[in-house]
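S.K.: Quick one: this structure, given as structure tokens, is what I'll be asking you about.
What follows is calculated from the coordinates using simple rules that are stated; it is not laboratory data. The model shown is predicted, which means the values in this text are computed figures rather than measured ones. As a convention, Cβ positions derive from the backbone with ideal geometry for all residues, glycine included, and neighbour counts pool all protein chains shown.
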Amino acid sequence: MSEKLTKDELAQLVARDIAPGSFVNLGIGQPTLVSNYLTAEQDVTLHTENGMLGMGPEAQGDEIDEDLINAGKIPVTELPGASYFHHADSFAMMRGGHLDVCVLGAFQVSAGGDLANWHTGAPDAIPAVGGAMDLATGAKDVYVMMSLFTKDGKSKLVPECTYPVTGVNCVTRVYTNEAVFLITADGVRVRETFGTTMEELQSKMDVKLLPAE
Amino acid sequence: MLTIANSAQDAVAEIHDGATVLIGGFGNAGQPMELIDALLACGATDLTVVNNNAGQADAGLALLIKERRVKKIICSFPRQSDSWHFDAAYRAGEIELELVPQGNLAERIRAAGAGIGGFFTPTGYGTMLAEGKETRTIDGRGYVYETPIHADFALIKALKSDKTGNLVYRKTARNFGPIMAAAAKHTIVQVSEIVETGGLDPEVVVTPGIYVDTVVKIEPHAPAATEHEVNQ
């Protein structure tokens, strides 16, 4: 592709990469956009950690029910085949490796797959973790969606995280507006680039990049 | 034996100063608002409260924190756009915070009710929240030791109870209810309806009555008035 991806194009790409029949948890924020591009043929079941499988789209008008919300506390709907369960079961499902994919936002990802997305480390910040650490360690695959560079041009894919980590060695893929990266035992491989080249990216990043296999 | 209380006030009357109280709910879904209001009115203070959050806006748990009745909160996500009463208490150094990843919070509560002395979990391993905790490598993966959270009381909300305390819930308002009911010495439940014993299908009971001590019927909120009704 010749252009950097928009957030929606990135969400579309992540959605396309999710295998049919998967059980998926979409984190709060940008990852939520992925649900807009999942097709009926894919038959993906969405999990929300506050105790539901088979979550449908955001509730509108008369559908709004204060007892039916997602992890971001937004009113949602239920789809046929939905189920409810308590919090310990919901996280056991995650921790036990039953979810196929979890898609999360991030401040930073390290070359070894460490994730930082819960705390900026600012001394005056009130810390809040929610389910971030559970999500990072729970799914078979953890995909991160983020812009590759900060506003001042620093790569968010780094040799080692400088923000407090959420989980170690947990991220398997990093979807960004400029490239898709695979975190492998050999190192970070560039699966594809958008509106840039691997050489150009390498000149702006400290992480050693390997070509796609 | 189940006590059916006449009012929320009666239901919480035994909660004493210094008690540890589990409070159900995720955001407002499943939050036992009337029981919390009654706890506020009964005056118990120096409480340790366990909830997923630290209160929203100007209701329920947020008011308990505003009135400085909570000395310590154990939760996963205190900071929200409308958690101003917690934020103020925290910044003033007037509330202690124990921050726990949400799944570890749930499992620690479950462990208490199940008589488990603790467990090793991968969640939080290698992070700030595992600092100072025992760790172990099991099959090549790092785990952190977490302890059970026992409590004196649980305040939860369910949809229906029968007269033996069997409970059913509604949608995502179930959340922490079943595990909190099992983890507390004294579990107090507000329900929209109490049916006769035998009135709930045993196959759909979520929380068996063995875990429930007190129930109180609280009429559900009337649906918000429609524009049409307001105009009338």
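S.K.: For chain A, what does the relative contact order come out to in percent, with C-alpha contacts under 8 Å and a separation of six or more?
M.R.: On the way: 448 pairs, mean separation 41.7, N = 213.
Across chain A, relative contact order equals 20 percent.
S.K.: A follow-up question, please. Volume per residue, Å³, of the convex hull around the alpha-carbon atoms of segment A:53-101?
M.R.: Measuring per residue, one finds 92 Å³ for the Cα hull of segment A:53-101.
S.K.: Quick one: Cα centre-to-centre distance for segment B:1-32 and segment A:72-147, in angstrom?
M.R.: 30 Å
S.K.: Let me ask you something else. Suppose each label sits 7 Å from its Cα in the direction of the beta carbon; what would the A:Ser2-B:Glu131 distance come out to in nanometres?
M.R.: Those two pseudo-labels are separated by 5.2 nm.
S.K.: If you don't mind, another one. Give me the percent relative contact order of chain B, please, defined on Cα pairs under 8 angstrom at least 6 residues apart.
M.R.: The value is 22 percent.
S.K.: Using the alpha-carbon centroid of each, what span in Å lies between segment A:151-213 and segment B:42-66?
M.R.: 43 Å
S.K.: Compute the length gained on full extension between B:Asp82 and B:Asp201: take 0.36 nm times their separation in residues and subtract their Cα-Cα distance, giving the result in nm to one decimal.
M.R.: 38.9 nm
S.K.: Using only helices, what value at 222 nm comes out for chain B when you add -39,500 (n - 2.57) per DSSP H run of length 4 or more and divide by the total residues, to the nearest 500 deg cm²/dmol?
M.R.: Computed ellipticity for chain B at 222 nm equals -6000 deg cm²/dmol.
S.K.: Still on this structure: First obtain the Kirkwood hydrodynamic radius of chain A from its Cα pairs, then insert it into the Stokes-Einstein equation at 37 °C and 0.692 mPa s, and state the resulting D in µm² per second as a whole number.
M.R.: 184 µm²/s
S.K.: Separate question: Calculate how many DSSP beta bridges within segment A:7-211 are antiparallel, expressed in % of all such bridges and rounded to the nearest 5.
M.R.: 50 percent
S.K.: What do you get when you divide the Cα radius of gyration of segment A:126-189 by 2.2 N^0.38 Å, with N the number of residues?
M.R.: 1.17
S.K.: Most mobile of A:Glu58, A:Glu49, A:Glu78 per a Gaussian network model of chain A (Cα springs, under 10 Å)?
M.R.: A:Glu58
S.K.: Taking the alpha-carbon centroid of each part, what is the distance from segment B:164-198 to segment A:1-61 in angstrom?
M.R.: 33 Å
S.K.: Summing +1 for each Lys or Arg and -1 for each Asp or Glu, what net charge is found among the other residues whose Cβ lies under 12 Å from the Cβ of A:Thr196?
M.R.: With Lys, Arg at +1 and Asp, Glu at -1, the net is -3.
S.K.: Also, quick follow-up: Working out 0.36 nm times the residue gap between A:Glu213 and A:Asp124, then minus their Cα-Cα distance, what length gain in nm do you get to one decimal?
M.R.: 27.6 nm
S.K.: Quick one: which of A:176-189, B:93-106 comes out on top by average Cβ neighbours within 10 Å, and what's the full order, highest first?
M.R.: Ranked from most to least packed, the peptides come out as B:93-106, A:176-189.
S.K.: How big is the Cα convex hull of the protein assembly as shown in projection, averaged over all directions, in nm²?
M.R.: So the mean shadow area of the Cα hull is 24.4 nm².
S.K.: While we're on this one: How do B:32-44, A:149-161 rank on mean C-beta neighbours within 10 Å, highest first?
M.R.: B:32-44, A:149-161
S.K.: I would also like to ask the following. So what J values fall out for segment B:61-67 if you push phi through Karplus, 6.51 cos²θ - 1.76 cosθ + 1.60 with θ = phi - 60°, rounded to Hz, Gly and Pro as x?
M.R.: So the J values, rounded to whole Hz, are 3, 4, 6, 4, 6, 4, 7.
S.K.: Is there a simple number for the mean count of other chain Cβ atoms within 10 Å of the Cβ of residues in A:160-168, and what is it?
M.R.: Working: counts 0, 0, 0, 0, 3, 4, 7, 7, 6.
Per residue, the number of nearby Cβ atoms from other chains is 3 on average.
S.K.: What is the average number of partner chain Cβ atoms found within 10 Å of a Cβ in A:64-71?
M.R.: 6
S.K.: List every residue whose amide H lies under 5 Å from the amide H of A:Leu209, counting only residues 5 or more places away in sequence or on a different chain, with H placed 1.01 Å from N in the peptide plane.
M.R.: Under 5 Å from the amide H of A:Leu209 lies no amide H from a residue far enough along the sequence or on another chain.
S.K.: In addition: Viscosity 0.692 mPa s, temperature 37 °C: give me the Stokes-Einstein translational D for chain B in µm²/s, with Rh taken as the Kirkwood radius over C-alpha pairs.
M.R.: Details: Rh = 18.5 Å.
Value of D from the Cα-based Kirkwood radius: 178 µm²/s.
S.K.: So what is the 222 nm mean residue ellipticity for chain A from helices alone, if each DSSP H run of at least 4 adds -39500 (n - 2.57) and you divide by all residues, rounding to the nearest 500 deg cm²/dmol? Kindly include the intermediate steps, with their values, before the conclusion.
M.R.: Working: 4 runs with 34 residues, N = 213.
My calculation for chain A gives -4500 deg cm²/dmol from helical runs alone.
S.K.: Once the convex hull of the alpha carbons of segment B:18-61 is built, what does its volume come to per residue, in cubic angstrom?
M.R.: 67 Å³
S.K.: Compute the projected area of the convex hull of the Cα atoms of segment B:140-200, averaged over all viewing directions, and report it in nm² to one decimal place.
M.R.: 6.0 nm²
S.K.: What fraction of the DSSP beta bridges in the protein assembly as shown is antiparallel, stated in percent and rounded to the nearest 5?
M.R.: 40 percent
S.K.: Sticking with this structure for a sec: Largest first and in whole Å, what are the equivalent-ellipsoid semi-axes of segment B:102-232 based on the Cα gyration tensor, each being the root of 5 times an eigenvalue?
M.R.: On the way: eigenvalues 269, 82, 29 Å².
Values for segment B:102-232, descending: 37, 20, 12 Å.
S.K.: Right, another one. Using the C-alpha atoms of segment B:20-105, what convex hull volume per residue, in cubic angstrom, is computed? List each step's numbers first, then the result.
M.R.: On the way: hull volume 6.9 nm³, N = 86.
With only Cα atoms used, segment B:20-105 gives 80 Å³ per residue.
S.K.: Lys pairs in chain B, Cα-Cα under 30 Å, at least 8 apart or on separate chains: how many?
M.R.: 26
S.K.: Can you give the % of DSSP beta bridges in segment A:141-208 that are antiparallel, to the nearest 5?
M.R.: 70 percent
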